[in-house]
Amino acid sequence: MARVLQLVTELVVGGATLTMLDFAEDLACEHELVIAHGRLDDPGNAAARRARARFPTYELPRLLRPLDARTDLLAARSFAALCRQLRPQVIHTHSSKAGFVGRLGALPVGGVRLHTIHGWGHTPVDPPRRRELLIGAERLAALCTTKLIAVSPEVRDEGLALGIGRPGQYAVIGSPVDMRPDGGHDDFESARAQARLRMRLPQDAEVIGWVGRFSAQKDPEALVAVLGELLTRRHNAYAVLVGDGLQRTLVQAQLSSEIAERRVRLLGVRDDVRALYPAFDVLLHTSRWEGHPRVVREALAERVPVVTARVGGTSLVSGDPLLGVEVAPGDVRAYCSALATILDSPQRRAPIDVHALSALRAGAGEPYRLMRELYAAALEHTREQRP
């Protein structure tokens with residue numbers, strides 16, 4: 001049994017943290033898991049509660065999302081001190097900031113160093129100098145990494161194209177998502193009736209769902225434009241938006257009339273989001289870039305088709321029209337057309353036929369198996385290298 005120290009920038013509800021916790025809970029059967037994280041402003045959030053209930057946790061107050069050379073160096077020193085205290089055999093970092101700070105701080109420690117790339121820190125909207133800085137930092141950190149774990153082939157391919165790491169360093173392991181419906185049964189109609197009753201939605205309404213963080217990455221401008229057009233044209237249509245973020249006020253202001261009419265529901269962050277999916281006829285996933293979006297798989301697990309931007313980790317939708325439609329990011333007309341096509345077709349609206357989900361359900365445990373095998377191989381290689 002090895003001691004494993006996991007590091008994530010923010011211990012909050014989000015793709016990187018939830019993926020880390022899913023794998024940690026599985027790996028805890030074979031290893032001793034410890035979780036370190038950056039400054040925690042909301043210790044009561046669901047992800048923090050889940051982590052603290054299961055694992056020893058350590059807060060690094062200097063580890064913050066914004067780039068700041070002095071603060072980042074202090075965070076790296078704090079992490080190095082924690083490594084010396086705990087003496088882990090495996091250090092596994094998640095997200096860009098924790099990935100760089102953690103691998104820098106772990107340099108004197110040795111052992112297995114893993115980094116999961118949930119999505120690259122540089123983005124298409126970054127200024128050129130910031131983008132170059134972030135890519136340079138990733139190249140440097142890759143030099144002291146045992147394995148780079150990409151959550152999708154698209155993430156791996158982008159890294160290699162940018163000269164980050166070597167082909168042999170990469171493994172592709174997607175985020176694990178439980179593909180069984182919430183509650184473990186396939187009584188979709190009952191789940192739908194309960195979800196719509198809780199949100200006071202008409203049982204015969206057309207409901208478009210959206211789950212995410214209100215940020216530039218999630219393209220709130222496209223979200224507003226699509227909903228504005230669809231709700232104008234379809235008088236029995238409603239939208240449910242689950243999540244929070246800095247750009248929530250923008251969305252709220254631009255959809256103010258629809259919110260006043262109760263045709264748009266802003267629910268904020270919810271612990272019970274899986275139980276809400278059956279209320280939707282279709283999930284809209286607007287995004288400019290992604291690594292491996294969990295919400296797409298969560299919706300499919302609840303038998304809800306998805307209209308998604310064609311970004312990293314969404315290609316599974318393109319294999320079967322019953323699962324949904326991919327469109328170019330930002331293409332409002334294509335989003336609206338795809339949503340209308342699904343809403344107009346009883347065969348394509350939720351619930352998805354269970355036979356269309358059989359392959360996804362059968363492969364749901366594969367990420368866990370791949371991660372266990374990667375840990376075993378990395379530890380064995382390290383033992384062989386010892387004199």
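Cα-based values for the stretch 289-387, radius of gyration first and Dmax second, are 18.3, 67 Å.
Restricted to Cα atoms, the chain shows a radius of gyration and a Dmax of 21.3, 73 angstrom. Note down the nm distance, to one decimal, between modelled labels 7 Å out along Cα→Cβ at Leu160 and at Asp271. Distance between the two pseudo-spin positions: 4.3 nm. Magnitude of the charge dipole for the stretch 274-370, about its Cα centre and with charges confined to Cβ atoms of Lys, Arg (+1) and Asp, Glu (-1), is about 180 debye. Taking max minus min of the alpha-carbon positions on each principal axis, the stretch 127-200 gives extents of 52, 31, 18 Å, largest first.
Between Arg130 and Arg383, the contour length at 0.36 nm per residue exceeds the alpha carbon distance by 87.2 nm. GNM on the chain, C-alpha springs below 10 Å: top fluctuator among Pro153, Pro108, Pro220? Comparing Pro153, Pro108, Pro220 in the GNM, the peak value goes to Pro108. Heavy-atom accessible surface of the stretch 168-299, averaged per residue, reaches 41 Å², computed with a 1.4 Å probe. The charge dipole of the chain, taken about its Cα centre with unit charges on the Cβ of Lys, Arg, Asp and Glu (plus for the first two, minus for the last two), comes to roughly 1140 debye. Taking 7 Å steps out from each Cα toward its Cβ at Ser256 and Ala81 produces label points 4.9 nm apart. For the stretch 99-204, the list of trypsin sites (Lys or Arg not before Pro) that fall in a loop by DSSP and count at most 11 other C-beta atoms within 10 angstrom reads Arg200.
For the stretch 1-137, the fraction of 1.4 Å probe accessible surface lying on carbon and sulfur atoms is 53 percent. Residue ranges 227-234, 39-46, 301-308 sort as 301-308, 227-234, 39-46 when ordered by packing (mean number of other C-beta atoms within 10 Å per residue, highest first). Within the stretch 211-228, name every residue whose backbone N is under 16 Å away from a label modeled 7 Å from Cα of Ser337 along the Cβ vector. Under cut-off, by backbone N: 226. Adding -39500 (n - 2.57) for every DSSP H run of four residues or longer, then dividing by how many residues the chain holds, sets the calculated 222 nm ellipticity at -12500 deg cm²/dmol. Please find the FRET efficiency linking Leu143 to Ala69, where r is the Cβ-Cβ separation and R0 is fixed at 22 Å, and quote it to the nearest 0.05. With R0 = 22 Å, the Cβ-Cβ based efficiency is 0.70.
Taking only the Cα atoms of the stretch 209-312, the ratio Rg/Rh comes out at 0.93, with Rh defined as the Kirkwood radius. The orientation-averaged shadow of the Cα convex hull for the stretch 73-160, equal to a quarter of the hull surface, comes to 5.7 nm². The Cα center of the stretch 297-331 and the Cα center of the stretch 1-65 differ in position by 29 Å. Distance between Cα centroids, the stretch 74-103 to the stretch 153-231: provide it in whole Å. Between the Cα centre of the stretch 74-103 and that of the stretch 153-231, the gap is 30 Å.
Largest first, the residues Met20, Met1 sort by 1.4 Å accessible area into Met1, Met20.
The values are calculated or read from the model by the stated rules, or taken from the named source; none is laboratory data. Being a predicted model, the structure only gives us computed values, none of them experimental. Backbone-built Cβ (ideal geometry, glycine too); neighbour counts: all protein chains shown. Note: areas computed on protein heavy atoms with side chains; ligands, DNA, RNA excluded. Shrake-Rupley method; radii C 1.70, N 1.55, O 1.52, S 1.80 Å.
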